[in-house]
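A quick write-up on the structure given underneath.
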Amino acid sequence: MKIAKKIPGRNREALRGLLESMVEKGAAESLFAAAANKRGDSFSYFLMKRGSLPDTLEPLPPIMSRSAAGMLTYLTRKGPLPGKTLVVLRPCELRAVTELRKLNQIHADNLVTVSFDCPGVFPLKDFFKGKAAVLIEQHEKALSDGTLAGARNVCAICAEFTGEGADIELGFLGVPEGECWAVANTEAGAQCLGLVEGEDVGDLSSRDEAVQAAKERRAVERKQRLLAFQQEVGGPENIAKVLENCLNCHNCMRVCPICFCQECYFESSAFRAEADRFLARAGRKKGLSMPADTLLFHLGRMSHMSVSCVSCGACEDACPADVPVSLFFSLVGRSTQGIFDYVPGRDVSEPVPYLHYEREEFQEMEAPYLEKRGQD
Amino acid sequence: MEKQSITLVYGTNLSGYRVAYALGKMGYKTILLNRGRYVDEFRNQVLAQLPLDLCWACAYAPQRLFVGMGAMQVLYNSELLEVKGEAGNFDVRIRKKDPYVNNYICAECDKCIEACPVEVTDPDGRKRKAIYTLPKMFWENIYLVDEEHCTHCGECEKACPTGAIHVDNKVEEQVVSVGAIVLAPEFDEPTEEDLSRFGWGRVANVVKNADVARASLATNFTRDSFRRPSDGKIPHSISVIATAQFNDSGVEYESYNNSVQAIYRANKIKQVLPEAEVTVFCRQYRGFGKGHYRMYDRALEVGIEVVRPDHLKLAEASGDRNTITYGWGTDQHQKTVDLTILVTGQKPPAQMGRLAEICGVEPDEHGFCRIEPFSCARTNREGILAVGEFTAPKGNPETVWEGYGPVSEILKHLGPPNVEPPKPPELRSVNGELPKIGVFLCSCFGTFQERMDLEALRERVEGLPTVSHAEIIQGCCTPPTMQETAQKIKASGVNRAILAVCTPTQKLMKFRKTVMMAGLNPLLTEFIRLREDVVNVHSEPEEMIRKAESLVRSATAKLKRAQAAPPLSDEMGSSALVIGGGPTGMEAARMIADRGFPVCLVEKSDRLGGMLNRLGKDLEGRDFAAYRDQLVEAVEGHANIRVCKNTVVTGGRGYAGNFHVDIQTEGQAPETVDAAIVMLAIGARERKVNAFLYGKHPGVMTQLELEEKIQTGKLEPGHVAMIQCVGSRNSTVPYCSRVCCSHALKNALDLRERGHEVTIFYRDINTYGFKEDYYRLAVEKGVVFIRFEEGRYPRVEEEGGRLLITYTHTGNRKQETLITDYLGLSVGIAPDEEANRDLSAIFGIPLDEDGYYDAESCACPYEDAAKRLMKPFELATNGVFPVGTTLAPRSVTESLLTARQAAGQALVVLPKARLASPNAMYVSGVHEALCVGCGNCVDVCPYYARQVNPITHVAEVRNFLCESCGACVVACPSGAAYIRDFKEEAVISAIDSLVA
Amino acid sequence: MKEESKEFTPNILYALCSWCGSGGSETAGAMKLHYPENVKPVRFYCTGGIDPVYIFRALLEGADGVVVSGCHPGDCHFDTGNYRARRRIAAVKTILNTLGLDGDRVWLRWVGHGEGKRFVDTASEFDEHIQEKGPSPLKGIRGV
């Protein structure tokens, strides 16, 4: 089932070629991927039909304008797309898709996922401040060597940067100049890839080695960075300091692909109260910051979705106040996912921790009871 | 002559209670005779065997409810004197004496105790009055009058504000006319004399398991639970003995599975005393229930030693220790321990003689009440039934099942229903009114004032901005005070009310009725536990007021946002689909059809009968064929049963009361059957075997094949060996099939009759209850039993056309051999995995880790099992009832009980065209605009009460299945799921107020 | 119950299920066992119905500690609610600990219906535990 083909061209060119060729050859009726604006300095996702693909197709933009997983929720919540659709996803977006499939928000029938070795992306603000052409070129280079200087916080410490869970996975790392390797991981992927011409990759080991080495390095960096962050922000005073800038605008929640609710609980009637209650709280708290409940919003959101957080970083990109939201969630997610031995996006058949339980677990979370009645 | 509609239940065993509850739900009144002065003076099986390991509330709480509804009358200090007449029309003379204190009216204010002039000193030096409370488990205090010291001065009666006391109650005789009688007397525990071999009552530091548990009621097991009675020290070594396995024959019977209880207890000890050395003594480990074998494995893992001697005796040792002398034959060993816990069995019922005389029922050879073969609870006398531990040593599942099991048999003898629930009062609409909250502080007839400054609290509460009215009331739990309080609520003009009372756990229905009498929807009220949260548990005056005030404040925050809603109900169909035409399926179909409901019975083969077509008789000698033939005839000729042979189920949709099931009969067009309830009775199969030369040597066969050979006379003379536990009780199949030992014994006894020599290789002989007799008989008849250990199964080879068996002697570990002509393999029962999986997917009923249905568990004394069994909610499995061996391995007779109990449950709901939500208006709901159909609520709902509508992708609630636990509320990240009286905004503001 | 010398009286929320947890509190009442007045019970149908947000909310709005009790594992009135609760509370404690916000201010201890003594012991023990910790810094966080 596992087939691997050499696709000619430099990274983004190779992928663009592969997609166009697959759609043309009838592998899919439609394509979901990013495309550039006319000037080529901004990018967003498009749903495209065969025969009308835009010439600005840019499946590897150097920024993540929104998470594709969120778009797919929007598209398929009420049911799958009618025809086969190729979907290009960053590895983090792919993991988010898996989570959302578990939550019945994405109906993935007919979707053929394509993912790739992702070097990360630039923070939105930096990209729009900088020179697009230069940054695009830097990004192109990073696709080959795996490291993007100036990448977003979470991208810099991402250890799950390959598309191994996708139907078709594109390898750039450890691959000879001027080509990329397309690997079909599933039957559906193989069907599509089979339509495309290209020399078989006999020996995949050079990429495997490069990926393995990079993963190990990143895993160490991730752990160190998150622990350092924990030192930095841990404790009530530090948290208060970091969150002081938070506008409580909830943008982070709005762009989060995992936050699939129609209306956020923290914007719901649960917290609407009469003025006198706010006033009473203001008295107790020596001043109530408005809008209220910033910390509750973050803690509550952590309890709701940190187990499924894929560290895509969309939250931080959306934050107007430069709160390190993505590091907060990556840090907490690492812990909550850890206790449940859960890796979001790993496997669609793995139940979300809150929808599952074991009869014997977490005894250590219970306070042991020892009746006190004299000495032994 | 018209039939009577009342049923008389004699005794307080759990089956009897549950018969009363089941009949109550069907609209029939029951009179229950309790010999005791209070609810559980006589311990029944549950209290004796599981005194602590389960919450008893589900068994007791309904009693209050049914009495309150008028569906049940409980007579105390009562006795059955004479039974005249016949089924349908018995005249029963009874004696009773109403308790001096009526527990249902008593407010537990203690005024009677204060008023009583008689001081009594108990033998233990404790002082009390002639009227006193019994230290109770759970929320009730039982007030008793000590006959010996009471002077009948009447002071307590005068002091009682609720009129609950009558010191002049006399013994009365009366005759009641009933349609049926259910004998349900309690459990008889072995006496000191019965347990003399184990030193109980004579040797220090020998205690009974039930007593250890009972002594720890208020704390559950802690280190302190196992302190030695002699010196209060924590023991270093503890032995646990399953006494029935070592006692003289006929003294005590192994009630269900004492060895399991012993292992269970040992595991509990290890949890709290990990350093203790724990030894369990049992001859056999009879863990045939779900999870029992796993429990045994865990015991070994945590370092519990399990010793399996043939005989055992306990004697006193120095230092108040116990020496246990045990061994095999003449091989003697000794072990000295600090503490011994006896897990005791059950004696034949002491009531048997009297009841035989009065009712004409017969005892069996063990002194228990005899039951008609293949029946549930039918005695030799028509219209008189016997249930629970009265008819055999039983476990918790059986006593629970025998509540619903005999209902259709009872209904045959009854006239029309005679209980109608009272019509609820008219409620007024509060639409358009601003919230006006009234707080009504109960003084419990003036007693709370003595313990706290209620007037100060009232003033404080009245000052709250959210409260428009505050008032102290006398009570709201007796008819006059309920009336008075309802008037006060009305007069105050409020549209929301807080009652600060004792506790709704005890008197919820009375409180609800009070506010409803005031015209308020119960959702517009909150009941605060002033007594349990403040008055009874605190003493600092100012702090008590402050705490009470914050509880009231929090309730106002919640109530302000409350919205009225009516109780909900949903349509309920009246037909049943039974899948599987074996004994369980047929019996269930017949029971339901007999009550007039249409049944479709689907059988995949061309013949009804199932396993009965292969089995001749059971170990006790009951003839299956005759039973099968009459059952098949009854089912096939039944006007209400449609039998579909050669038919399979291919799909289905819907939920309790509203299933649409696709069936396919060979050679016919597919069809959809509507069913309100579904019985899964597809049975199980013989485990496949590929060992011990099975299939390779003609002399090797399964027990079932061996039985067929014996029956048809095709077995040539020769030696027969048997190997038990083939392919089970190992790491991949970690359970016991329950029936194989009986099957092997039955074949062995038959073979001995025919002159064959028989040798049985076994790990444990699982002959529980009376089956032990046949084990003894087999030993007497010369059947040779050779034990082997799990890792040392005998080896079988062919030698000159015969079979050579090599085995290891358990005692001396030497290899020995045996030549045999035939080998019977006890391969046990395996689930029909494929069929179970298909039906599990269609009906959404989960399978357990062994591939059986997870709807029940017979894992006494595992808490889980008892709890799930006890729950009095018929539709807990969404109207789908797996029965018989689809649940776990069990015999035909045992399977029939599960079928009858399931049919009994079905008969509670089938007659109702609409079914109300079990929790009235307190059901969960969906804010449709917020729901995105993720299905989290569906996944976590324990009652199948939710589904995501496939068209709108929005969650829906099936009202009558919702028990309002709130799992959906927590699972829903967006607040789309709510419970009517726990809406998010109400809870958040209540918390804010409480912690403010 | 209160001693004069105590400088700090913790504000404690005791979240109970309606079955065993409340039952424990009622058995304590029936047996007239005492516990500190500053422990305030709040009831839910099931521990499985306690949203972690409620716990965070209590800690942010004035509680110095939150203790949760319900039916023992295997004994849940609603069959599985307490297993789910245990997972939720594990997550709450983990989140608080990860952020240095002291997950030990949240306790979970099962209390059965008959276990009145266990109930009051838990209330008192938790009260002492929180007294040793001192006031919760969370409720004082200003501005967030």
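The values are calculated or read from the model by the stated rules, or taken from the named source; none is laboratory data. Values in this document were obtained by computation on a predicted structure and should not be read as measured data. Cβ atoms come from the backbone with ideal geometry, glycine included; neighbour counts cover every protein chain shown. Side chains are part of the model used for accessible areas, which takes the heavy atoms of the whole protein and leaves out ligands, DNA and RNA. Shrake-Rupley method; radii C 1.70, N 1.55, O 1.52, S 1.80 Å.
Using a Gaussian network model of chain A whose springs link C-alpha atoms within less than 10 Å, name the residue from A:Met253, A:Met22, A:Met365 with the highest mean-square fluctuation.
So, out of A:Met253, A:Met22, A:Met365, the one fluctuating most is A:Met365.
Gain in length, B:Ala669 to B:Thr121, computed as 0.36 nm per residue apart minus the alpha-carbon separation, to one decimal in nm?
Extra length from B:Ala669 to B:Thr121 when fully extended: 189.1 nm.
Provide the solvent-accessible area of B:Cys962, counting protein heavy atoms only and rolling a 1.4 Å probe, rounded to the nearest 10 Å².
About 10 Å², rounded to the nearest 10.
If amide hydrogens are placed 1.01 Å from N in the peptide plane, which non-local residues have theirs closer than 5 Å to the one on C:Gly100?
Sorted by chain and number, the residues that satisfy this are A:Gly235.
How many percent of the alpha carbon pairs in chain A exceed a separation of 33 Å? All intermediate terms of the calculation are to be shown ahead of the outcome.
Numbers: 24286 of 70500 pairs.
Cα-Cα pairs of chain A separated by over 33 Å account for 34 percent.
Which order do B:Thr391, B:Thr505 take when ranked by solvent-accessible area (1.4 Å probe, heavy atoms of all protein chains), largest first?
Numbers: B:Thr391 15, B:Thr505 50 Å².
So, going from the largest accessible area down, we get B:Thr505, B:Thr391.
B:Pro734: net charge of surrounding residues, Cβ under 12 Å, Lys/Arg +1, Asp/Glu -1, itself excluded? Before the final figure, lay out the partial values.
Working: positive: B:Lys290, B:Arg294, B:Arg298, B:Arg729; negative: B:Asp297, B:Glu790, B:Asp848, B:Glu849, B:Asp850.
Summing Lys/Arg as +1 and Asp/Glu as -1 gives -1.
Hey, got the average number of other protein chain Cβ atoms within 10 angstrom for residues in A:228-237?
Mean shielding count: 3.
Taking the Cα-to-Cβ direction at B:Asp623 and at A:Lys2 and moving 7 Å from each Cα, how far apart do the two end points lie in nm?
6.8
I need the shape label for chain C. Rule: rounded when a/c is under 1.5, else prolate if a/b > b/c, else oblate, with a, b, c from the alpha carbon gyration tensor.
Details: a/c = 2.22, a/b = 1.15, b/c = 1.94.
The shape class here is oblate.
Determine the order of B:Lys208, A:Lys129 by accessible area, beginning with the largest, at a probe radius of 1.4 Å.
Values: B:Lys208 15, A:Lys129 160 Å².
Most to least solvent-accessible, the answer reads A:Lys129, B:Lys208.
Accessible area of B:Ser318, 1.4 Å probe, to the nearest 10 Å²?
Probe radius 1.4 Å; accessible area of B:Ser318 about 100 Å².
Which of the peptides B:891-903, A:190-202 is most tightly packed, and how do the rest follow, going by the mean number of other Cβ atoms within 10 Å of each residue?
Values: B:891-903: 25.5, A:190-202: 15.4.
Packing order, densest peptide first, comes out as B:891-903, A:190-202.
Determine the alpha carbon to alpha carbon distance for each of B:Lys111/B:Lys547; B:Lys25/B:Lys423; B:Lys436/B:Lys558 and list only those over 18 Å. Don't jump to the answer; show the numbers that get you there.
Numbers: B:Lys111/B:Lys547 25 Å; B:Lys25/B:Lys423 16 Å; B:Lys436/B:Lys558 13 Å.
B:Lys111/B:Lys547, as the Cα separations exceed 18 Å there.
With θ set to phi - 60°, apply the Karplus curve 6.51 cos²θ - 1.76 cosθ + 1.60 along the range A:108-121 and write out the HN-Hα couplings as whole Hz, x wherever there is a Gly or Pro.
After applying 6.51 cos²θ - 1.76 cosθ + 1.60, I find 8, 4, 6, 8, 10, 8, 10, 9, 7, 5, 9, x, x, 10 Hz.
So for the protein assembly as shown, considering every pair of alpha-carbon atoms, how many percent are separated by more than 64 Å? Walk me through the numbers before you get to the answer.
Working: 217459 of 1148370 pairs.
Summing the P(r) tail past 64 Å for the protein assembly as shown gives 19 percent.
What pairs in B:Lys29/B:Lys490; B:Lys290/B:Lys688; A:Lys25/A:Lys49; B:Lys97/B:Lys158 have C-alpha atoms more than 23 Å from each other? Before the final figure, lay out the partial values.
On the way: B:Lys29/B:Lys490 34 Å; B:Lys290/B:Lys688 21 Å; A:Lys25/A:Lys49 13 Å; B:Lys97/B:Lys158 20 Å.
Check vs 23 Å cut-off fails for B:Lys29/B:Lys490.
What is the ratio of the Cα radius of gyration of the range B:744-823 to 2.2 N^0.38 Å, where N is its residue count, to two decimals?
Numbers: Rg = 13.4 Å, N = 80, 2.2 N^0.38 = 11.6 Å.
Computed over Cα atoms of the range B:744-823, the ratio equals 1.16.
Sort the following peptides by mean Cβ neighbour count (other Cβ atoms within 10 Å, averaged over residues), highest first: B:236-246, A:47-57, B:676-686. Each step should come with its number before you reach the end.
Values: B:236-246: 24.0, A:47-57: 13.6, B:676-686: 26.0.
Per-residue Cβ counts within 10 Å, averaged per peptide and sorted highest first, yield B:676-686, B:236-246, A:47-57.
May I have the convex hull volume per residue, in Å³, for the Cα set of the range C:59-144? Numbers along the way, then the final one.
Values: hull volume 8.3 nm³, N = 86.
In the range C:59-144, the Cα hull volume divided by residue count equals 97 Å³.
How many partner chain Cβ atoms sit within 10 Å of a residue's Cβ in peptide C:8-19, on average, as a whole number?
Numbers: counts 0, 1, 0, 4, 1, 3, 1, 1, 0, 2, 5, 6.
Mean number of neighbouring Cβ atoms from other chains: 2.
Starting from the Cα of B:Asn949, step 7 Å toward the Cβ, then list every residue of the range B:564-601 with an amide N under 20 Å from that point.
Of the residues in the range B:564-601, B:566, B:568-572 have backbone N under 20 Å from the label point off B:Asn949.
What nm value, rounded to one decimal, do you get for the distance between B:His311 and B:Arg607 when each label is placed 7 Å out toward the C-beta?
In this crude label model, B:His311 to B:Arg607 measures out at 5.0 nm.
Hey, which lysines would be in cross-link range of B:Lys781, C-alpha to C-alpha under 20 Å, not counting anything within fewer than 8 residues on its own chain?
Hits, sequence-local ones excluded: B:Lys617, B:Lys746, B:Lys771.
Compare A:Ser268, A:Ser326, A:Ser144 in a GNM of chain A, Cα atoms joined below 10 Å, and give the one with the largest fluctuation.
A:Ser268
Please work out the Cα convex hull volume for chain B and give it in Å³ per residue. Don't skip to the end; give the middle numbers.
Working: hull volume 187.1 nm³, N = 996.
Output value, Cα hull per residue: 188 Å³.
Just from its helices, what would the mean residue ellipticity at 222 nm be for chain A, if runs of 4 or more DSSP H residues each count -39500 (n - 2.57) and the sum is divided by every residue, rounded to the nearest 500 deg cm²/dmol? Please report the intermediate quantities before stating the final value.
On the way: 14 runs with 152 residues, N = 376.
Theoretical 222 nm ellipticity from helices: -12000 deg cm²/dmol.
Read phi for every residue in the range B:467-479 and hand back ³J(HN,Hα) as whole Hz from Karplus 6.51 cos²θ - 1.76 cosθ + 1.60, θ = phi - 60°, with x for Gly and Pro.
With coefficients 6.51, -1.76 and 1.60, one gets 9, 9, 7, 9, 8, 8, 10, 5, x, 8, 9, 10, x Hz.
For B:Lys335, what accessible surface area do you get with a 1.4 Å probe? Give it in Å², rounded to 10.
So the heavy atoms of B:Lys335 present about 40 Å² to solvent.
Averaged across the residues of A:336-345, what count of C-beta atoms belonging to other chains lies within 10 Å of each residue's C-beta?
Numbers: counts 6, 1, 2, 5, 4, 0, 0, 0, 0, 0.
Per-residue shielding by partner chains comes out at 2.
Largest first, how would B:Lys111, B:Lys714, B:Lys507 line up by accessible area (1.4 Å probe)?
Values: B:Lys111 45, B:Lys714 135, B:Lys507 5 Å².
Ranked from most to least accessible, the order is B:Lys714, B:Lys111, B:Lys507.
Considering only DSSP beta bridges where both residues belong to the protein assembly as shown, give the percentage that are antiparallel (nearest 5).
On the way: 96 of 198 bridges.
Of those bridges, close to 50 percent are antiparallel.
Short version: ³J(HN,Hα) in whole Hz for each residue of the range B:978-987, in order, from phi by Karplus 6.51 cos²θ - 1.76 cosθ + 1.60 (θ = phi - 60°), x for Gly and Pro, what are they?
Listing the rounded values in order: 8, 10, 4, 9, 9, 5, 3, 5, 5, 5 Hz.
Counting only helical runs of four or more DSSP H residues, what would the 222 nm mean residue ellipticity of chain B come to if each run contributes -39,500 (n - 2.57) and the total is spread over all its residues? List each step's numbers first, then the result.
Details: 27 runs with 272 residues, N = 996.
Mean residue ellipticity, 222 nm, calculated: -8000 deg cm²/dmol.
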